[in-house]
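Working notes, structure below.
The values are calculated or read from the model by the stated rules, or taken from the named source; none is laboratory data. Computed from a prediction, not measured in an experiment: that's the story for all the values here. Note: ideal-geometry Cβ built from the backbone for every residue, glycine included; neighbour counts use all protein chains shown. Just so you know, the surface numbers come from the protein's heavy atoms only, side chains and all, with ligands and any DNA or RNA stripped out. Shrake-Rupley method; radii C 1.70, N 1.55, O 1.52, S 1.80 Å.
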Amino acid sequence: MKKYIILISGRGSNMEALLNADLPGRCVAVISNRPDAGGLDFARSKGIATAVIDHRVHADRNAFDAALAAEIERHAPDLVLLAGFMRVLGDDFVRRFEGRMLNIHPSLLPAFPGMHTHREALAKGVKLHGCTVHFVTPTLDSGPIVIQAAVPVLGDDTEASLSSRVLVQEHLIYPQAAAWFLQGRLHLADGRVVSRIPQPDSDAMIAPPLTGLP
Ligand code: GRF
């Protein structure tokens with residue numbers, strides 16, 4: 001059975017969705033860069049090994065990345081899942097795990113990489129927003145895309161309401177993408193996603209609700 005590791009920094013709701021999804025693999029560890037990450041308790045309650053590699057006690061990013069990589073490699077995982085992991089990882093680290101590391105990002109990439117995606121979506125007035133699972137490559141939030149889900153942006157949305165609607169979709173598509181990888185239906189070749197997964201119906205379209213029109 002394939003092994004996977006989840007990296008978190010905070011509440012860990014995506015981690016919970018992954019652990020509750022009965023994935024075709026075994027979670028061998030949950031690792032946080034923050035000792036106070038809420039998600040650690042849930043992982044422990046599931047009997048999963050946890051570890052903290054605290055970025056604040058390492059002299060620089062290279063030292064942190066090296067400690068994190070060593071902790072990950074100890075478990076020899078097939079897949080590393082970044083789930084609300086809020087540290088930028090250096091190029092060497094990313095290359096070491098390239099092709100076996102996925103991330104969930106709360107926007108329809110390539111729109112709104114980085115932080116505060118819901119605020120930016122509202123400021124730009126986009127009518128569709130959503131989330132993306134992608135392979136991690138050295139440039140932040142720009143790796144090959146595996147799956148996306150879209151939600152309409154409503155006229156009275158706030159950052160909080162929009163983020164909670166997107167989060168529901170995150171909890172669906174991340175376990176889906178992880179399952180495909182663990183089933184061997186997904187890999188990277190020459191920087192592109194190669195997959196044996198169901199293709200979306202070409203007639204399917206998510207239409208945002210029209211407001212203010214007769
Ligand atoms: C999620 O929206 C994730 O996409 C983003 O940070 C948030 C983390 O939430 N990177 P959680 O820790 O998974 O609850």
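Identify the trypsin sites (Lys or Arg not before Pro) of the range 103-211 meeting these criteria: DSSP loop state and at most 10 other C-beta atoms within 10 Å of the C-beta.
Arg196
Centre-to-centre separation between the Cα atoms of the range 47-63 and those of the range 169-188: 26 Å. Lysines near Lys3 by alpha-carbon distance under 18 Å, same-chain residues fewer than 8 away left out - which ones? Straight-line reach from Lys3, under 18 Å: Lys46. In this structure Ile104 has an accessible area near 10 Å², from a 1.4 Å probe over the protein heavy atoms. Taking the DSSP beta bridges with both ends in the chain, the antiparallel portion is around 50 percent. Size check on the chain: the Cα extents along the three principal axes, sorted descending, read 61, 37, 34 Å. Full extension of the chain between Thr158 and Glu71 gives 27.4 nm of extra length, using 0.36 nm per residue less the Cα-Cα distance.
At an R0 of 22 angstrom, the distance between the Cβ atoms of Ala189 and Ser142 translates into a FRET efficiency of 0.80.
Surface exposure of the chain, expressed per residue as accessible area with a 1.4 Å probe, stands at 51 Å².
Among Met86, Met15, the order of accessible area from largest down is Met86, Met15, computed with a 1.4 Å probe on protein heavy atoms.
From its DSSP helices (H runs of at least four residues, each -39,500 (n - 2.57)), the chain gives a residue-normalised ellipticity at 222 nm of -9500 deg cm²/dmol.
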